[in-house]
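Enquirer: I have a structure here, written as structure tokens, and I will follow up with some questions on it.
The values are calculated or read from the model by the stated rules, or taken from the named source; none is laboratory data. Keep in mind the model is a prediction, meaning the values are calculated, not measured. Here the Cβ positions follow ideal geometry from the backbone for every residue, glycine too, while neighbour counts run over all protein chains shown.
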Amino acid sequence: MEKLLRADRVRVELNGRMILKDVTCYLERREIMLIAGPNGSGKSTLLKCIMGLMESKGRVFLDNVEITHLKPSERFKMGITLAPERLRVAKNLTVEENVSISGDFQEALEIFPELGPLAKKKAGKLSGGERQMVVLARALISKPKYLLLDEPFQGLHKDLRVRVVNMIYNLSKKCGVVVVTHDELDEIFLMSDKTCILVGGEVLYFGDSEGAEQLMREMFM
């Protein structure tokens, strides 16, 4: 059985406007895929469709099983985890309660020891960087088969960004990792196996990252 996460001809229309137009891409286990493109190109929308958070047409497969009609919670149980953009946390819960939704808080402290002193603090009172650590820790300890990271470096200072880049690389030895980012773009691109470039909701390029190098440099670097 193929071990991969695949979006097949995914289409999204909102208010009469096509946000995604027949987007097809796939990621094998133990690979990193970078999804790149200008603002408004549909990158975050694609991750939400894979997670089942947005209504879309087309099909989604997980390890050769179609999951198109499954709820987000069912996809999560099967091994897909999304770390969303915009630092989304449950503001009325503590840091420990937010993280423990996905697993062992002590395991999260091994990743981000900075969360220890914040354990009993309400997430709504955290800084942007602290919230992002909560979002990432919650995703990382869920032991995903496929991890979808939407702007994972938001609010993080340089040292933490470097640590997260290393985490992504180490995670890819166990699971597939999809990254949407404008930050640390060079680093993610250089260690990615596949690149999907979206422009205006359409795939401009999908394939080996080596083949995307010239396009990436022209557009973003």
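Enquirer: Does segment 172-190 contain any residue that is touching a strand residue (DSSP E or B) at 6+ places or on another chain (Cβ under 8 Å), closer than 22 Å to Ser41 by Cα and surrounded by fewer than 18 Cβ atoms within 10 Å (Cβ to Cβ)?
Expert: yes
Enquirer: How many residues are farther than 18 Å from Lys194 by Cα and not in a loop (DSSP other than H, G, I, E, B) if we restrict to segment 26-59?
Expert: 7
Enquirer: Right, another one. Residues that are basic (Lys, Arg) and touching a residue at least 24 places away in the same chain (Cβ under 8 Å): does segment 210-217 have at least one?
Expert: Scanning segment 210-217 turns up no residue that is basic (Lys, Arg) and touching a residue at least 24 places away in the same chain (Cβ under 8 Å).
Enquirer: Here's something else I'd like to know. Of the residues in segment 28-38, how many are surrounded by fewer than 20 Cβ atoms within 10 Å (Cβ to Cβ) and of a type in the set (A, V, I, L, M)?
Expert: Number of matching residues: 0.
Enquirer: From the list Gly52, Gly58, Gly79, Gly37, which one is of a type outside the set (S, T, N, Q), under 18 Å from the mean Cα position of the chain (by Cα), modelled with pLDDT of 95 or more and on the phi > 0 side of the Ramachandran plot?
Expert: Unique residue meeting the criteria: Gly52.
Enquirer: Could you please tell me which pairs satisfy a Cβ distance under 9 Å, a separation of 6+ or placement on different chains, a first residue in segment 185-200 that is under 23 Å from Val162 (Cβ atoms), and a second residue that is basic (Lys, Arg)?
Expert: Once the first residue is under 23 Å from Val162 (Cβ atoms) and sits in segment 185-200, its partners that are basic (Lys, Arg) give Glu187/Arg161; Asp193/Arg30.
Enquirer: Looking at segment 10-21, can you tell me whether even one residue there is under 19 Å from the mean Cα position of the chain (by Cα) and among the small types (Gly, Ala, Ser)?
Expert: Looking for residues that are under 19 Å from the mean Cα position of the chain (by Cα) and among the small types (Gly, Ala, Ser), one finds none in segment 10-21, hence no.
Enquirer: Out of Ser73, Ser41, report the one residue that is under 28 Å from Gly201 (Cβ atoms) and crowded, with 18+ Cβ neighbours inside 10 Å.
Expert: None of the other options fit; the residue is Ser41.
Enquirer: Still on this structure: For the list (1) touching a residue at least 24 places away in the same chain (Cβ under 8 Å); (2) surrounded by 13 or more Cβ atoms within 10 Å (Cβ to Cβ), I need the number of the one condition that Leu115 fails.
Expert: The number of the failed condition is (1).
Enquirer: Go through segment 14-25 and count every residue that is without any contact (Cβ under 8 Å) to a residue 24 or more places away in the chain and not in a loop (DSSP other than H, G, I, E, B).
Expert: Within segment 14-25, residues that are without any contact (Cβ under 8 Å) to a residue 24 or more places away in the chain and not in a loop (DSSP other than H, G, I, E, B) number 2.
Enquirer: In contact with a strand residue (DSSP E or B) (Cβ under 7 Å, 6 or more places away or on another chain), under 21 Å from Leu47 (Cα atoms), at pLDDT 90 or above and not aliphatic (A, V, I, L, M), is that true of Gly200?
Expert: No; evaluated as a whole, the condition is false for this residue.
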